[in-house]
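Chemist: Here's a structure for you.
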Amino acid sequence: MSIPVVPAAETLGDLKPIATVVFSLGSNEGDSIEYLQAAVNALATTPDVIPVGLSSVYLTKPVGAVIDQPDFRNIVFVAETTLEPSILLDRCHAIEAGLGRVRTVVGGPRTMDVDLIMVGNRTVQSDELTLPHPRAHERAFVLIPWLEADPQAELPGHGFVADLIVALGTDGVELSEDEQVVLP
């Protein structure tokens, strides 16, 4: 007897749909690698979140910065989940708060930034959350690590991540050869 394979985002009977979720994580304050590792550990151990990909660490220039600040360390974490986007967003905020994020200056330095980029093909438009992330297709610091973590990645409404990178370019994003974050 064989067990049927259920493709992502489909259901079988009373099972919840499974969706690919993409998180973009960044830090440029304090020990950024330690903060990124702690955030990955927290995401990877979240019930109903199953890790499937993690990028290398990339050094990136601050985007839209209104004050002088250090470069960011960015990674992308890809998982499968049955959780609703609102629950995932709450988890992102809890991780940021737990790692000392203080929101004082928009675009300012931070210990941890956890952005929810997409949850399957879901679209959400609310005061708290927009999915897919409204600026992900314009951000090389999201797209480049995402392509590494998932070479077949596609951003709903915008196309394949590889094509978006070709159109956008890779300026300001550099692989960090000597820094590493791993799945627990």
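Chemist: Rounded to two decimals, what is Rg over Rh for segment 99-184 when you use alpha-carbon atoms and the Kirkwood radius?
Modeler: Numbers: Rg = 14.4 Å, Rh = 14.7 Å.
Taking Rh as the inverse mean 1/r over Cα pairs, Rg/Rh reads 0.97.
Chemist: Express the accessible area of the chain per residue in Å², computed with a 1.4 Å probe while the remaining protein chains stay in the model. Walk me through the numbers on the way to the answer.
Modeler: Working: 9870 Å² over 184 residues.
With the other protein chains kept in place, the chain gives 54 Å² per residue.
Chemist: Another question, then. Relative to the first principal axis of the alpha-carbon coordinates of the chain, what is the inclination of helix 140-149, with its axis defined by its Cα atoms, in degrees from 0 to 90 and to the nearest 10?
Modeler: In the chain, helix 140-149 runs at an angle near 40 degrees to the longest axis.
Chemist: Which three numbers, in whole Å and largest first, are the semi-axes of the equivalent ellipsoid of segment 36-138 derived from its Cα gyration tensor as √(5λ)? Please list the in-between numbers first.
Modeler: On the way: eigenvalues 99, 54, 39 Å².
Each semi-axis is √(5λ); the values are 22, 16, 14 Å.
Chemist: For the chain, which whole-number percentage of the solvent-accessible area (1.4 Å probe, protein heavy atoms only) is attributable to carbon and sulfur atoms?
Modeler: Working: 5280 of 9870 Å².
Roughly 53 percent of what the probe reaches on the chain is carbon or sulfur.
Chemist: Mean separation of Cα pairs under 8 Å and 6+ residues apart, divided by the residue count of segment 37-184: what relative contact order is that in percent? Display every interim value, and only then the final one.
Modeler: Working: 224 pairs, mean separation 45.8, N = 148.
Normalised by residue count, the contact order of segment 37-184 is 31 percent.
Chemist: With n ≥ 4 as the cut-off for DSSP H runs, can you work out [θ] at 222 nm for the chain, using -39500 (n - 2.57) per run divided by the number of residues, rounded to the nearest 500?
Modeler: Working: 4 runs with 45 residues, N = 184.
After summing the helix terms and dividing by the residues of the chain, the value is -7500 deg cm²/dmol.
Chemist: How do 133-145, 78-90, 117-129 rank on mean C-beta neighbours within 10 Å, highest first?
Modeler: Details: 133-145: 20.2, 78-90: 18.2, 117-129: 15.3.
Going from most to least packed, we get 133-145, 78-90, 117-129.
Chemist: Hey, any idea what the orientation-averaged projected area of the convex hull of segment 140-184's Cα atoms comes to, in nm²?
Modeler: On the way: hull surface 15.7 nm².
The directionally averaged projection comes out at 3.9 nm².
Chemist: For the chain, find the longest principal axis of its Cα atoms and tell me its angle to the long axis of helix 32-44, 0 to 90°, nearest 10.
Modeler: Helix 32-44 sits roughly 10 degrees off the main axis of the chain.
The values are calculated or read from the model by the stated rules, or taken from the named source; none is laboratory data. Because the structure is a prediction, the values reported are computed rather than measured. Note that we place each Cβ from the backbone using ideal geometry, even for glycine, and neighbour counts take in every protein chain shown. Side chains included, ligands, DNA and RNA excluded: accessible areas come from the protein's heavy atoms. Shrake-Rupley method; radii C 1.70, N 1.55, O 1.52, S 1.80 Å.
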